[in-house]
Amino acid sequence: MVNNLKSQINIDFAILMKTEHQFIIECQTKVLEGNRISENDAKILMNVNDIELKTLSDTANTITRKFNGNKVDIEQLANIKKNHCSEDCAFCSQSAFFNTNIDGYQLLSKEEIIKKAQKAYDDGANSYCLVAAWREPSPKDFDKVCEAIEGINKNVGISVECSLGFLTLEQAQRLKNLNVKRYNHNLETARSKFQEICTTHTYDDRLATLKIARQVGLELCTGGILGMGETREQRLELILDISRLQSEEVTINLLVPVSGTPLELQAPLSMNEIIRVFAVTRFLLPTSTIKISGGREINLKDDGEELLLSGANGIISAGYLTISGNDMKKDLEMLQRINLEA
């Protein structure tokens, strides 16, 4: 009787695995043929058994190669204003609410910003993103940023992106007129989790700025941070919202707990959970750049190799806002090792 029960359990499990495997392949076929998967499809993919994660990863990689080729988008960031931010985002070392003992500085000069852009270009970066730690730019600071972008366009020629906080329609239009390609404004986490992470502004505030950027014709770059105590369902909730925006770029960060912040003791996510997010995001957004962003060098033993074969096709190199990153040369060698190109 016991042996018969064990046999039946094994048979049922085998049927379940076969069904999940077939479902993943069917979803892959749907995407490769130019169709969208449903939100319910995404939910099923997000919750496949760990045994089928390799299938999920491989199919996401096939979709990536089909629509994006072997090229990996390499971006460098410039933290043009560090520290003293008025918002209380629980993960952020630059928030004025927390004592994180990092060095801060006000807005860099135009000359310094252009110099950093030139270095990024010389290193081989495809794009250069200007990031400022504030709720929104003052008119005076925004003018300075625009002058720096004009200088980069004239003297360097690298593709410019911006992450400057909340924008007005007029400011967004001005960035578009300066040939800024994309505007980054991360949703950070799921709507249902957001109030646990930030209380000084709302999820809808963030969506409003993304809609303003889209209204003037800027491409969107948005994403979030994994590992802030959210559930798998909330991670799915986040990427579904991003897919509804049809964001041209998705930045997926891995939390680096910072001493002095409310999340300083947060445990890291498993690699399996991280793979689920990248792979399902690729099914939802087959042509977008999906970028492994902050925390990859600290949270991932392979610096992102496995994720670049599981749906990702972009990385940020040479450091982040307050933590260091890989030297560009090391990242270029990594891409060569897995037969991808910059």
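Read the figures in this text as sums done on the coordinates, not as results from a lab. In this text, all values refer to a predicted model and were calculated from it rather than measured experimentally. Virtual Cβ from ideal backbone geometry, glycine too; neighbours counted across all protein chains shown.
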- prompt: Which lysines does K71 reach when only Cα atoms under 27 Å apart count, and residues fewer than 8 places away in its own chain are ignored?
  reply: K30, K54, K115, K116, K119, K154, K176, K181, K291, K301, K329, K330
- prompt: Say R0 is 45 Å: what FRET efficiency, to the nearest 0.05, do A96 and H21 get from their beta-carbon distance?
  reply: 0.35
task: Report the calculated FRET efficiency for T62 and R36 (r = Cβ-Cβ distance, R0 = 22 Å), to the nearest 0.05.
output: 0.85
task: Send over the semi-axes of the range 228-274's equivalent ellipsoid, whole angstrom and largest first, taken as the square roots of 5 times the C-alpha gyration tensor eigenvalues.
output: 23, 13, 10
query: Not counting the cut sites, what is the longest span of the chain without trypsin sites (Lys or Arg not before Pro) that DSSP labels loop and that have at most 16 other Cβ atoms within 10 Å?
result: 136-300
- request: Please give the contour-minus-distance gain from K301 to I51: 0.36 nm per residue of separation, less the Cα-Cα distance, rounded to one decimal in nm.
  value: 87.9 nm
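Across the chain, where is the longest run that never hits GluC sites (Glu not before Pro) in a DSSP loop with at most 14 other C-beta atoms within 10 Å? Show your work: numbers first, answer last.
On the way: sites that count: E33, E264.
Longest gap between qualifying sites, sites excluded: 34-263.
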task: Relative to the longest principal axis of the C-alpha atoms of the chain, give the angle of the C-alpha long axis of helix 139-155, reported between 0 and 90° and rounded to the nearest 10°.
output: 80 degrees
query: When the chain is modelled as a GNM with alpha-carbon springs shorter than 10 Å, which of G227, G69, G319 fluctuates the most?
result: G69
statement: Looking only at aspartates and glutamates whose Cα falls under 20 Å of K211's and that sit 8 or more positions away or on another chain, we get E136, E161, E170, E188, E219, E237, D241, E248, E249
- prompt: Relative to the first principal axis of the alpha-carbon coordinates of the chain, what is the inclination of helix 203-215, with its axis defined by its Cα atoms, in degrees from 0 to 90 and to the nearest 10?
  reply: 70 degrees
